[in-house]
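Before any comments, here is the structure.
The values are calculated or read from the model by the stated rules, or taken from the named source; none is laboratory data. Quick caveat, the model's predicted, so the values are computed rather than measured. Here the Cβ is made from the backbone with ideal geometry for all residues, glycine too, and neighbour counts use every protein chain on show. Accessible surface areas use protein heavy atoms only, side chains included; no ligands, DNA or RNA. Shrake-Rupley method; radii C 1.70, N 1.55, O 1.52, S 1.80 Å.
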Amino acid sequence: MGTVRRPGAFVCGIDAAMDVIGGKWKVLILWALNEQTCRFGELRRLVPGITEKVLTSHLRELEDDGIVHREVHAEIPPRVEYSLTPLGFALNEALGPLGAWGREHVLGQGAPEGVQGGPEGTPHARNPHVTADRVPADCAGDS
């Protein structure tokens with residue numbers, strides 16, 4: 001089942017990018033995969049509130065768009081791991097300035113360039129399973 005694209009050409013690059021990352025959860029999935037390869041259950045824990053159905057759907061769409069790689073290991077029981085492709089890492093880098101804008105203008109936490117969240121071991125505000133020493137640069141300061 002592929003992603004349903006809008007008919008017609010995109011108006012601009014932002015329009016095309018938003019078609020890939022649109023929705024409530026895709027950016028959070030990208031953020032979670034930025035640090036490590038994850039199995040489905042791990043992703044579910046790293047993105048609190050997402051349902052299995054939505055996570056499955058978004059992973060398929062991101063895979064179809066070349067953002068996420070799905071690797072099935074020939075084991076019993078089967079093991080499936082998800083990771084970012086080079087295109088996915090490039091997309092996360094592009095989202096960095098958006099995260100900085102959100103911290104500064106919405107959260108009011110204008111952290112200096114390169115600052116990585118709070119002290120090591122400090123739980124992340126939206127995800128207590130992630131500590132500040134594991135927060136990707138584009139999410140630094142969100143804790």
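Some notes on this structure:
- Being hydrophobic (A, V, I, L, M, F, W, C) and either open to solvent by 90 Å² or more (accessible area, probe 1.4 Å) or modelled with pLDDT of 90 or more (or both) holds for only one residue in ALA16, ALA90, and it is ALA90.
- Residue check, HIS58 open to solvent by 50 Å² or more (accessible area, probe 1.4 Å), within 19 Å of ALA94 (Cβ to Cβ) and either at pLDDT 95 or above or among the acidic types (Asp, Glu) (or both): no
- With respect to the conditions (1) within 13 Å of the chain's Cα centre (by Cα); (2) open to solvent by 40 Å² or more (accessible area, probe 1.4 Å); (3) basic (Lys, Arg), ARG70 lacks only one, and its number is (1).
- Listed conditions (1) in contact with a helix residue (DSSP H, G or I) (Cβ under 8 Å, 6 or more places away or on another chain); (2) open to solvent by 30 Å² or more (accessible area, probe 1.4 Å); (3) not charged (D, E, K, R) are all met by ILE21, apart from (2).
- Where a residue in segment 72-89 is hydrophobic (A, V, I, L, M, F, W, C) and its partner, wherever it lies, is part of a helix (DSSP H, G or I) and open to solvent by less than 30 Å² (accessible area, probe 1.4 Å), with Cβ under 6 Å and at least six apart: LEU84/LEU33
- Qualifying residue in segment 99-117 (condition: within 27 Å of ARG39 (Cα to Cα) and modelled with pLDDT under 50): yes
- Number of positions in segment 95-106 that are under 12 Å from the mean Cα position of the chain (by Cα) and exposed (fewer than 15 other Cβ atoms within 10 Å of the Cβ): 1
- For beta carbons closer than 9 Å, sequence separation of 6+ or different chains, a first residue in segment 19-42 that is without any contact (Cβ under 8 Å) to a residue 12 or more places away in the chain and closer than 14 Å to LEU91 by Cβ and a second that is among the acidic types (Asp, Glu) and crowded, with 19+ Cβ neighbours inside 10 Å, there are no qualifying pairs.
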